[in-house]
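The next block holds one structure in the form of structure tokens; read it before the comments.
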Amino acid sequence: MGFKASYLNELERMIRTLKRDWTIVYDMLNGKDNSGFGWNEHRQMVVLKILCGTHI
């Protein structure tokens, strides 16, 4: 018995997608060039710095 090869292939594909998506989010929040995105610890949410310097 065991998993069918197609199930394992799908699981590996999903893991690759999750890793890619996590890398994008991590870089967006913690990277040096985060394009104005950041994390507000107090509100526990993503913030975006607009060109004028305010947060939304």
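The values are calculated or read from the model by the stated rules, or taken from the named source; none is laboratory data. Please read all numbers here as calculations on a predicted model, not as lab measurements.
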- Query: How many residues does the range 23-42 hold that are of a type in the set (S, T, N, Q) and modelled with pLDDT under 80?
  - Reply: 3
- Does the range 1-20 include one or more residues that are modelled with pLDDT under 75 and of a type outside the set (Phe, Trp, Tyr)? yes
